[in-house]
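A.B. asks: This is the structure I want to talk about, given as structure tokens.
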Amino acid sequence: ANGEHEMATYDPTRVHLIYGILPITGFAEGSMITLSPQGDGVRAVTGTAGETAFIETPNRQHEVTFRLFETAPSNVALMLLFQAGTVPVPLAITSMSTGATMLAAAAKLERIPGTTYDKDVPVREWKLVIPKLETVFIPAP
């Protein structure tokens, strides 16, 4: 409107991760949540006469890594879930700033993370294995 540009605002406190029914809290400084595709996606191959074809790999696996302060109550809940040998549960990651929501019907903890103690608050790095991740966009308020 009036030729002016709207300024978008990103607020890390408006990013939410829910594992099953457990809202994850106590994120450490720096990268809170990292989503990493595990498949090749699309690649091109070229034949001897120069023809090119695209190959789409069916691997839609993702790895989700999130970092929590050692003092976060979510650590205890995640450890108990892992030790109980839980079945895969749904996962939702939502950014209220952008309106993006990543959804997985099944996610499973890879392992209990190690811990290093020093003069700063220790950080635990958790990893989830996800067979398939979908992204939906809902306009941010």
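The values are calculated or read from the model by the stated rules, or taken from the named source; none is laboratory data. Fair warning: this is a prediction, and the values are worked out from it, not measured in the lab. Glycine also receives a Cβ, built like all others from the backbone with ideal geometry; neighbour counts cover every protein chain displayed. Quick note on the areas: whole protein, heavy atoms, side chains included, nothing else; ligands and nucleic acids left out. Shrake-Rupley method; radii C 1.70, N 1.55, O 1.52, S 1.80 Å.
A.B. asks: From the list ALA92, ALA104, ALA77, ALA49, which residue is modelled with pLDDT of 90 or more and touching a Lys or Arg at 6+ places or on another chain (Cβ under 7 Å)?
C.D. replies: So the residue among ALA92, ALA104, ALA77, ALA49 that is modelled with pLDDT of 90 or more and touching a Lys or Arg at 6+ places or on another chain (Cβ under 7 Å) is ALA104.
A.B. asks: Out of everything in segment 52-66 that is open to solvent by 90 Å² or more (accessible area, probe 1.4 Å) and without any contact (Cβ under 8 Å) to a residue 60 or more places away in the chain, what residue ends up being farthest from PRO23 (Cα to Cα)?
C.D. replies: Looking at the filtered set, the residue picked out is PHE54.
A.B. asks: Restricting to segment 26-46, give me the number of residues that are open to solvent by 50 Å² or more (accessible area, probe 1.4 Å), in a loop (DSSP other than H, G, I, E, B) and more than 21 Å from ALA107 (Cα to Cα).
C.D. replies: 2
A.B. asks: Among residues belonging to segment 1-25 that are outside any loop (DSSP other than H, G, I, E, B) and not hydrophobic (A, V, I, L, M, F, W, C), point out the one that is most open to solvent (accessible area, probe 1.4 Å).
C.D. replies: THR13
A.B. asks: Continuing with this model, one more query. Please state which one of ALA49, ALA106 is surrounded by fewer than 17 Cβ atoms within 10 Å (Cβ to Cβ), in a strand (DSSP E or B) and not charged (D, E, K, R).
C.D. replies: That would be ALA106, the only listed residue that is surrounded by fewer than 17 Cβ atoms within 10 Å (Cβ to Cβ), in a strand (DSSP E or B) and not charged (D, E, K, R).
A.B. asks: I've got another one for you. How many residues does segment 74-103 hold that are exposed (fewer than 15 other Cβ atoms within 10 Å of the Cβ) and either β-branched (Val, Ile, Thr) or part of a strand (DSSP E or B) (or both)?
C.D. replies: The qualifying residues number 4.
A.B. asks: How many of the residues in segment 77-116 are among the small types (Gly, Ala, Ser) and touching a residue at least 40 places away in the same chain (Cβ under 8 Å)?
C.D. replies: Going through segment 77-116 one residue at a time, the tally reaches 7.
A.B. asks: If a residue has to be within 14 Å of MET79 (Cα to Cα) and part of a loop (DSSP other than H, G, I, E, B) to count, how many in segment 109-141 make the cut?
C.D. replies: 6
A.B. asks: Would you pick out the residues in segment 122-139 that are open to solvent by 80 Å² or more (accessible area, probe 1.4 Å), farther than 17 Å from ILE24 by Cβ and either modelled with pLDDT of 90 or more or not aliphatic (A, V, I, L, M) (or both)?
C.D. replies: Hits for segment 122-139 are LYS132, GLU134, PHE137, PRO139.
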